[in-house]
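Structure record follows, encoded as C-alpha coordinates.
The values are calculated or read from the model by the stated rules, or taken from the named source; none is laboratory data. None of the values given here were measured: they were computed from a predicted structure. Virtual Cβ from ideal backbone geometry, glycine too; neighbours counted across all protein chains shown. The accessibility values were calculated without ligands, DNA or RNA, using every heavy atom of the protein model including side chains. Shrake-Rupley method; radii C 1.70, N 1.55, O 1.52, S 1.80 Å.
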Amino acid sequence: MSNPGIEANTISVLGGGSFGTAVANIAALNGYNVYQWMRNADQAEQMNQERENKRYLPGFELAPGHRAVTDLDAVSRSQVVFVSIPSRNFREVVQQVVPLLQPGQMLISTTKGIEPGSFRLMSQILAEEAPQCRVGVLSGPNLAKEIGTRQLTATVIASEHNELCTTIQTILHCDFFRVYAGSDMYGVELGGALKNIYAIAAGMSSALGMGENTRSMLMTRSLAEMSRFAVRMGADPLTFLGLAGVGDLIVTCMSPLSRNYRVGFALGQGRNLDDAVEELGEVAEGVNTLKYVKAKADELEVYMPLVQGLYKVVFEGQPVERVIGGMMMAAQGDDVAFELLDRSGEV
(Lines give C-alpha, C1' and ligand atoms only; values in the text may rest on other atoms or scores of the structure.)
Protein backbone atom coordinates (compact mmCIF):
# COMPACT_ATOMS: atom_id res chain seq x y z
CA MET A 1 0.00 0.00 0.00
CA SER A 2 1.60 3.25 -1.13
CA ASN A 3 0.87 6.75 0.08
CA PRO A 4 2.29 9.85 -1.60
CA GLY A 5 2.84 11.55 1.77
CA ILE A 6 5.09 8.79 3.09
CA GLU A 7 8.88 9.01 2.77
CA ALA A 8 10.40 5.52 2.46
CA ASN A 9 13.66 6.68 4.04
CA THR A 10 12.06 8.28 7.12
CA ILE A 11 11.54 6.42 10.40
CA SER A 12 10.07 7.61 13.69
CA VAL A 13 10.74 6.09 17.12
CA LEU A 14 8.48 7.10 20.00
CA GLY A 15 10.25 6.94 23.36
CA GLY A 16 13.60 8.05 24.72
CA GLY A 17 14.58 4.89 26.60
CA SER A 18 17.39 2.44 26.03
CA PHE A 19 15.81 0.02 23.56
CA GLY A 20 14.11 2.76 21.56
CA THR A 21 17.49 4.42 21.23
CA ALA A 22 19.13 1.15 20.18
CA VAL A 23 16.51 0.55 17.46
CA ALA A 24 16.71 4.14 16.27
CA ASN A 25 20.47 3.95 16.01
CA ILE A 26 20.46 0.71 13.98
CA ALA A 27 18.08 2.27 11.47
CA ALA A 28 20.25 5.40 11.31
CA LEU A 29 23.37 3.28 10.80
CA ASN A 30 21.57 1.67 7.86
CA GLY A 31 21.11 5.05 6.21
CA TYR A 32 17.59 6.01 7.28
CA ASN A 33 16.56 9.43 8.55
CA VAL A 34 15.43 8.65 12.08
CA TYR A 35 13.48 10.95 14.39
CA GLN A 36 13.36 9.78 18.00
CA TRP A 37 10.58 11.52 19.91
CA MET A 38 10.67 12.14 23.65
CA ARG A 39 8.93 14.45 26.08
CA ASN A 40 12.09 15.69 27.80
CA ALA A 41 13.49 18.66 25.86
CA ASP A 42 16.73 18.68 27.86
CA GLN A 43 17.34 15.03 27.02
CA ALA A 44 16.68 15.66 23.33
CA GLU A 45 19.06 18.62 23.24
CA GLN A 46 21.77 16.66 25.05
CA MET A 47 21.46 13.75 22.62
CA ASN A 48 21.68 15.99 19.57
CA GLN A 49 24.64 17.97 20.86
CA GLU A 50 26.67 15.16 22.41
CA ARG A 51 25.50 12.32 20.10
CA GLU A 52 24.77 10.04 23.03
CA ASN A 53 21.80 9.10 25.22
CA LYS A 54 23.59 9.68 28.51
CA ARG A 55 20.60 8.84 30.65
CA TYR A 56 19.56 5.49 29.24
CA LEU A 57 22.32 4.29 26.89
CA PRO A 58 25.53 6.01 27.98
CA GLY A 59 28.80 5.46 26.16
CA PHE A 60 27.36 4.67 22.72
CA GLU A 61 27.70 7.14 19.85
CA LEU A 62 24.58 7.94 17.82
CA ALA A 63 24.75 7.66 14.05
CA PRO A 64 24.61 10.85 11.92
CA GLY A 65 21.09 10.12 10.63
CA HIS A 66 19.62 10.12 14.14
CA ARG A 67 17.76 13.17 15.47
CA ALA A 68 16.11 13.50 18.88
CA VAL A 69 12.92 15.61 18.75
CA THR A 70 10.15 16.78 21.05
CA ASP A 71 7.52 17.30 18.33
CA LEU A 72 5.65 14.65 16.40
CA ASP A 73 5.87 16.28 12.96
CA ALA A 74 7.90 13.44 11.41
CA VAL A 75 5.29 10.80 12.28
CA SER A 76 2.96 11.73 9.42
CA ARG A 77 5.63 11.10 6.77
CA SER A 78 7.38 8.10 8.35
CA GLN A 79 7.20 4.76 6.59
CA VAL A 80 7.51 3.00 9.96
CA VAL A 81 6.77 4.21 13.50
CA PHE A 82 8.36 2.19 16.31
CA VAL A 83 6.49 2.65 19.61
CA SER A 84 8.88 2.16 22.56
CA ILE A 85 6.75 3.62 25.35
CA PRO A 86 6.24 2.02 28.81
CA SER A 87 2.96 0.10 28.94
CA ARG A 88 1.35 2.43 31.48
CA ASN A 89 1.67 5.39 29.05
CA PHE A 90 1.44 3.49 25.78
CA ARG A 91 -2.18 4.22 24.84
CA GLU A 92 -1.90 7.87 25.84
CA VAL A 93 1.02 8.46 23.47
CA VAL A 94 -0.58 6.47 20.65
CA GLN A 95 -3.71 8.60 20.96
CA GLN A 96 -1.54 11.70 20.51
CA VAL A 97 -0.14 10.45 17.21
CA VAL A 98 -3.34 8.95 15.74
CA PRO A 99 -4.41 12.24 14.07
CA LEU A 100 -1.05 12.30 12.27
CA LEU A 101 -1.18 8.74 10.94
CA GLN A 102 -2.04 7.83 7.38
CA PRO A 103 -3.57 4.62 6.00
CA GLY A 104 -1.02 1.89 5.44
CA GLN A 105 1.67 3.18 7.78
CA MET A 106 3.42 0.54 9.84
CA LEU A 107 3.27 0.69 13.64
CA ILE A 108 5.71 -1.55 15.49
CA SER A 109 5.52 -2.11 19.24
CA THR A 110 8.76 -2.87 21.07
CA THR A 111 7.16 -2.65 24.53
CA LYS A 112 7.15 -5.84 26.61
CA GLY A 113 4.24 -5.22 28.94
CA ILE A 114 0.49 -5.35 29.53
CA GLU A 115 -1.92 -2.43 29.84
CA PRO A 116 -3.27 -1.89 33.37
CA GLY A 117 -6.92 -2.79 33.83
CA SER A 118 -7.71 -4.06 30.34
CA PHE A 119 -5.03 -6.77 30.00
CA ARG A 120 -4.49 -5.50 26.47
CA LEU A 121 -1.17 -6.16 24.79
CA MET A 122 0.45 -3.25 22.99
CA SER A 123 -0.39 -4.60 19.52
CA GLN A 124 -4.04 -4.71 20.51
CA ILE A 125 -3.89 -1.09 21.61
CA LEU A 126 -2.33 -0.12 18.28
CA ALA A 127 -5.04 -1.99 16.37
CA GLU A 128 -7.80 -0.38 18.43
CA GLU A 129 -6.49 3.17 18.22
CA ALA A 130 -5.15 3.12 14.65
CA PRO A 131 -7.15 0.58 12.59
CA GLN A 132 -6.01 2.27 9.38
CA CYS A 133 -2.41 1.17 10.00
CA ARG A 134 -0.57 -2.15 9.77
CA VAL A 135 0.68 -3.45 13.12
CA GLY A 136 3.68 -5.55 14.12
CA VAL A 137 5.59 -6.58 17.23
CA LEU A 138 9.38 -6.64 17.68
CA SER A 139 10.64 -8.87 20.49
CA GLY A 140 13.54 -11.14 21.38
CA PRO A 141 16.67 -11.53 23.53
CA ASN A 142 17.72 -7.94 22.99
CA LEU A 143 19.57 -6.21 25.83
CA ALA A 144 19.96 -2.62 24.68
CA LYS A 145 23.44 -2.13 26.10
CA GLU A 146 24.77 -5.14 24.21
CA ILE A 147 23.15 -3.90 21.01
CA GLY A 148 24.85 -0.56 21.66
CA THR A 149 28.24 -2.28 21.68
CA ARG A 150 27.29 -4.14 18.47
CA GLN A 151 27.40 -7.60 19.97
CA LEU A 152 25.73 -10.23 17.80
CA THR A 153 22.04 -10.69 18.50
CA ALA A 154 18.75 -11.53 16.81
CA THR A 155 15.11 -10.58 17.18
CA VAL A 156 11.67 -11.46 15.80
CA ILE A 157 9.27 -9.23 13.88
CA ALA A 158 5.77 -10.70 14.00
CA SER A 159 2.79 -9.51 12.00
CA GLU A 160 -0.05 -10.77 9.83
CA HIS A 161 1.33 -8.55 7.06
CA ASN A 162 4.23 -10.14 5.17
CA GLU A 163 5.26 -6.81 3.62
CA LEU A 164 5.63 -5.29 7.07
CA CYS A 165 7.93 -8.11 8.20
CA THR A 166 10.07 -7.75 5.08
CA THR A 167 10.28 -3.98 5.54
CA ILE A 168 11.43 -4.24 9.16
CA GLN A 169 13.99 -6.87 8.21
CA THR A 170 15.38 -4.43 5.64
CA ILE A 171 15.43 -1.48 8.03
CA LEU A 172 17.08 -3.24 10.97
CA HIS A 173 19.20 -6.05 9.55
CA CYS A 174 22.93 -5.41 9.80
CA ASP A 175 26.14 -7.28 10.52
CA PHE A 176 25.39 -7.52 14.26
CA PHE A 177 21.55 -7.56 14.34
CA ARG A 178 19.56 -10.30 12.61
CA VAL A 179 15.78 -10.10 12.21
CA TYR A 180 13.62 -13.21 11.86
CA ALA A 181 9.95 -13.07 10.81
CA GLY A 182 6.89 -14.72 12.31
CA SER A 183 3.11 -14.58 12.16
CA ASP A 184 2.16 -15.36 15.79
CA MET A 185 2.07 -11.75 16.92
CA TYR A 186 0.15 -12.56 20.10
CA GLY A 187 2.56 -15.31 21.14
CA VAL A 188 5.67 -13.23 20.42
CA GLU A 189 4.27 -10.36 22.42
CA LEU A 190 3.12 -12.51 25.33
CA GLY A 191 6.55 -14.13 25.48
CA GLY A 192 8.19 -10.73 25.80
CA ALA A 193 5.81 -9.66 28.55
CA LEU A 194 5.73 -12.85 30.60
CA LYS A 195 9.47 -13.50 30.77
CA ASN A 196 9.92 -10.27 32.75
CA ILE A 197 8.14 -11.89 35.68
CA TYR A 198 10.56 -14.78 35.82
CA ALA A 199 13.57 -12.49 35.46
CA ILE A 200 12.60 -10.97 38.81
CA ALA A 201 12.59 -14.45 40.33
CA ALA A 202 15.98 -15.21 38.75
CA GLY A 203 17.53 -12.05 40.15
CA MET A 204 16.13 -12.81 43.56
CA SER A 205 17.52 -16.35 43.53
CA SER A 206 20.94 -15.06 42.53
CA ALA A 207 20.99 -12.56 45.39
CA LEU A 208 20.11 -15.37 47.77
CA GLY A 209 23.14 -17.36 46.61
CA MET A 210 21.25 -20.14 44.90
CA GLY A 211 23.23 -22.23 42.43
CA GLU A 212 23.14 -23.09 38.74
CA ASN A 213 20.92 -26.11 39.34
CA THR A 214 18.34 -23.76 40.84
CA ARG A 215 18.65 -21.32 37.96
CA SER A 216 18.21 -24.15 35.44
CA MET A 217 15.14 -25.46 37.25
CA LEU A 218 13.69 -21.96 37.48
CA MET A 219 14.09 -21.16 33.78
CA THR A 220 12.75 -24.54 32.64
CA ARG A 221 9.67 -24.39 34.84
CA SER A 222 9.18 -20.74 33.88
CA LEU A 223 9.05 -21.72 30.21
CA ALA A 224 6.45 -24.40 30.92
CA GLU A 225 4.40 -21.97 33.00
CA MET A 226 4.47 -19.03 30.58
CA SER A 227 3.63 -21.23 27.59
CA ARG A 228 0.74 -22.81 29.51
CA PHE A 229 -0.69 -19.38 30.20
CA ALA A 230 -0.09 -18.09 26.67
CA VAL A 231 -1.76 -21.10 25.03
CA ARG A 232 -4.80 -20.52 27.23
CA MET A 233 -4.82 -16.94 25.89
CA GLY A 234 -4.69 -18.16 22.28
CA ALA A 235 -0.97 -18.20 21.39
CA ASP A 236 0.93 -20.90 19.50
CA PRO A 237 3.02 -22.93 21.99
CA LEU A 238 5.78 -23.45 19.42
CA THR A 239 6.48 -19.71 19.52
CA PHE A 240 7.91 -20.24 22.99
CA LEU A 241 10.64 -22.50 21.64
CA GLY A 242 12.04 -19.61 19.59
CA LEU A 243 13.84 -16.31 20.15
CA ALA A 244 10.83 -14.49 21.58
CA GLY A 245 10.16 -17.30 24.05
CA VAL A 246 13.02 -19.34 25.44
CA GLY A 247 15.62 -17.03 23.88
CA ASP A 248 14.33 -13.93 25.63
CA LEU A 249 13.71 -15.88 28.84
CA ILE A 250 17.31 -17.11 29.01
CA VAL A 251 18.98 -13.75 28.51
CA THR A 252 16.62 -11.95 30.89
CA CYS A 253 17.06 -14.52 33.63
CA MET A 254 20.84 -14.69 33.32
CA SER A 255 22.04 -11.14 32.74
CA PRO A 256 22.55 -8.40 35.35
CA LEU A 257 21.91 -5.98 32.45
CA SER A 258 18.23 -6.98 32.60
CA ARG A 259 16.18 -4.38 34.47
CA ASN A 260 13.80 -6.99 35.87
CA TYR A 261 16.69 -9.18 37.01
CA ARG A 262 18.17 -6.19 38.83
CA VAL A 263 14.89 -5.46 40.61
CA GLY A 264 14.71 -9.09 41.71
CA PHE A 265 18.33 -8.99 42.88
CA ALA A 266 17.60 -5.93 45.01
CA LEU A 267 14.55 -7.64 46.51
CA GLY A 268 16.67 -10.69 47.27
CA GLN A 269 19.10 -8.43 49.14
CA GLY A 270 16.28 -7.31 51.40
CA ARG A 271 15.29 -4.00 49.79
CA ASN A 272 11.60 -3.20 49.53
CA LEU A 273 9.91 -2.90 46.14
CA ASP A 274 9.76 0.91 46.02
CA ASP A 275 13.45 1.26 46.82
CA ALA A 276 14.39 -1.41 44.28
CA VAL A 277 12.47 0.31 41.48
CA GLU A 278 13.74 3.78 42.45
CA GLU A 279 17.33 2.55 42.49
CA LEU A 280 16.91 1.13 38.99
CA GLY A 281 15.88 4.49 37.56
CA GLU A 282 14.05 2.84 34.65
CA VAL A 283 10.78 1.04 34.12
CA ALA A 284 10.87 -2.66 35.06
CA GLU A 285 7.78 -3.95 33.28
CA GLY A 286 7.81 -7.26 35.15
CA VAL A 287 6.63 -5.73 38.44
CA ASN A 288 3.26 -4.64 37.05
CA THR A 289 3.05 -7.60 34.68
CA LEU A 290 3.28 -9.92 37.70
CA LYS A 291 0.26 -8.22 39.24
CA TYR A 292 -1.85 -8.39 36.07
CA VAL A 293 -0.90 -11.96 35.14
CA LYS A 294 -1.59 -13.24 38.65
CA ALA A 295 -5.10 -11.75 38.50
CA LYS A 296 -5.72 -13.18 35.01
CA ALA A 297 -4.38 -16.61 36.00
CA ASP A 298 -6.74 -16.65 38.98
CA GLU A 299 -9.63 -15.68 36.70
CA LEU A 300 -8.83 -18.36 34.12
CA GLU A 301 -7.73 -20.95 36.72
CA VAL A 302 -4.36 -21.43 35.04
CA TYR A 303 -1.81 -23.27 37.20
CA MET A 304 1.11 -20.83 37.69
CA PRO A 305 2.92 -21.68 40.94
CA LEU A 306 5.93 -19.45 40.22
CA VAL A 307 3.70 -16.44 39.59
CA GLN A 308 1.69 -17.18 42.72
CA GLY A 309 4.81 -17.58 44.85
CA LEU A 310 6.55 -14.50 43.49
CA TYR A 311 3.41 -12.43 44.05
CA LYS A 312 3.42 -13.42 47.72
CA VAL A 313 7.01 -12.22 48.07
CA VAL A 314 6.76 -8.99 46.05
CA PHE A 315 3.32 -7.71 47.00
CA GLU A 316 2.45 -9.48 50.24
CA GLY A 317 5.84 -9.33 51.91
CA GLN A 318 6.08 -13.02 52.69
CA PRO A 319 9.59 -14.37 53.39
CA VAL A 320 11.28 -15.84 50.33
CA GLU A 321 12.40 -18.94 52.20
CA ARG A 322 8.85 -19.77 53.32
CA VAL A 323 7.45 -19.36 49.82
CA ILE A 324 10.19 -21.49 48.27
CA GLY A 325 9.70 -24.16 50.89
CA GLY A 326 6.01 -24.31 50.13
CA MET A 327 6.64 -24.60 46.40
CA MET A 328 9.17 -27.40 46.84
CA MET A 329 6.69 -29.39 48.92
CA ALA A 330 3.88 -29.04 46.36
CA ALA A 331 2.65 -31.99 44.32
CA GLN A 332 5.05 -33.17 41.60
CA GLY A 333 3.44 -33.44 38.16
CA ASP A 334 4.70 -34.19 34.67
CA ASP A 335 7.93 -32.64 33.40
CA VAL A 336 6.81 -31.63 29.90
CA ALA A 337 3.15 -30.67 29.79
CA PHE A 338 2.48 -28.44 26.79
CA GLU A 339 -1.22 -28.13 26.05
CA LEU A 340 -1.87 -27.97 22.30
CA LEU A 341 -5.14 -26.24 21.50
CA ASP A 342 -6.91 -26.15 18.16
CA ARG A 343 -8.46 -22.99 16.72
CA SER A 344 -11.67 -23.48 18.66
CA GLY A 345 -9.75 -23.54 21.95
CA GLU A 346 -10.55 -27.21 22.60
CA VAL A 347 -7.88 -29.65 23.72
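Scanning region 60-116 for residues that are crowded, with 22+ Cβ neighbours inside 10 Å, under 15 Å from the mean Cα position of the chain (by Cα) and touching a residue at least 40 places away in the same chain (Cβ under 8 Å) turns up PHE82, VAL83, SER84, ILE85, SER87, ILE108, SER109, THR110, THR111, LYS112, GLY113, ILE114. Filtered by the rule that a residue be outside any helix (DSSP H, G or I) and either at pLDDT 80 or above or farther than 17 Å from LYS195 by Cβ (or both), region 283-321 gives GLU301, VAL302, TYR303, MET304, PHE315, GLU316, GLY317, GLN318, PRO319. Annotation: of all residues in region 246-282 being out of contact with any Phe, Trp or Tyr (no Cβ under 8 Å at 6 or more places or on another chain), in contact (Cβ under 8 Å) with a residue 60 or more places away in the chain and surrounded by fewer than 19 Cβ atoms within 10 Å (Cβ to Cβ), the one that is nearest to PRO141 (Cα to Cα) is ILE250.
Open to solvent by less than 50 Å² (accessible area, probe 1.4 Å), at pLDDT below 90 and part of a helix (DSSP H, G or I): does that describe ARG228? If you could, list the steps in order and put the result at the bottom.
Numbers: open to solvent by less than 50 Å² (accessible area, probe 1.4 Å): yes; at pLDDT below 90: no; part of a helix (DSSP H, G or I): yes.
So ARG228 does not fit the description; no.
Within region 192-217, being in contact with a Ser or Thr (Cβ under 6 Å, 6 or more places away or on another chain) and open to solvent by less than 30 Å² (accessible area, probe 1.4 Å) holds for GLY192, ALA193, LYS195, ASN196, ILE197, TYR198, ALA199, SER205. Return yes or no: is ASN48 farther than 14 Å from VAL69 by Cβ, open to solvent by 40 Å² or more (accessible area, probe 1.4 Å) and touching a strand residue (DSSP E or B) at 6+ places or on another chain (Cβ under 6 Å)? So ASN48 fails the test. For region 38-69, give me the residue count where each residue is within 10 Å of ASN25 (Cα to Cα) and of a type in the set (Val, Ile, Thr). Of the residues in region 38-69, 0 are within 10 Å of ASN25 (Cα to Cα) and of a type in the set (Val, Ile, Thr). Criterion first (in contact with an Asp or Glu (Cβ under 8 Å, 6 or more places away or on another chain), in a strand (DSSP E or B) and open to solvent by less than 10 Å² (accessible area, probe 1.4 Å)) does VAL137 satisfy it? So VAL137 fits the description; yes. Look at (1) more than 21 Å from LEU172 (Cβ to Cβ); (2) open to solvent by less than 10 Å² (accessible area, probe 1.4 Å); (3) among the aliphatic types (A, V, I, L, M) and you find that ALA127 fails only one, number (2).
Looking at GLY245, GLY234, just one residue is assigned to a loop (DSSP other than H, G, I, E, B) and in contact with a helix residue (DSSP H, G or I) (Cβ under 9 Å, 6 or more places away or on another chain), and that residue is GLY234. Residues of region 169-191 being open to solvent by 20 Å² or more (accessible area, probe 1.4 Å) and assigned to a strand (DSSP E or B), which ones? CYS174, ARG178, TYR180, ALA181, GLY182 - these are the residues of region 169-191 that are open to solvent by 20 Å² or more (accessible area, probe 1.4 Å) and assigned to a strand (DSSP E or B). Among the residues making up region 77-130, those that are among the aliphatic types (A, V, I, L, M) and part of a helix (DSSP H, G or I) are VAL93, VAL94, VAL97, VAL98, LEU100, MET122, ILE125, LEU126, ALA127. Is there a residue in region 174-181 that is free of Cβ contacts under 8 Å to residues at least 60 places away in the same chain, over 18 Å from THR111 (Cα atoms) and small (Gly, Ala, Ser)? The answer is no; no qualifying residue exists. Considering only residues that are touching an Asp or Glu at 6+ places or on another chain (Cβ under 7 Å) and at negative phi, which ones fall in region 19-55? Result: GLU52, single match.
Within region 140-160, restricting attention to residues that are crowded, with 17+ Cβ neighbours inside 10 Å and among the small types (Gly, Ala, Ser), which residue is farthest from GLU52 (Cα to Cα)? Quick ask: steps written out before the conclusion?
Of region 140-160, the ones crowded, with 17+ Cβ neighbours inside 10 Å are 140-148, 153, 155-159.
Within this subset, residues satisfying the condition of being among the small types (Gly, Ala, Ser) are 140, 144, 148, 158-159.
Details: GLY140: 24, ALA144: 14, GLY148: 11, ALA158: 30, SER159: 31 Å.
Top of the filtered list is SER159.
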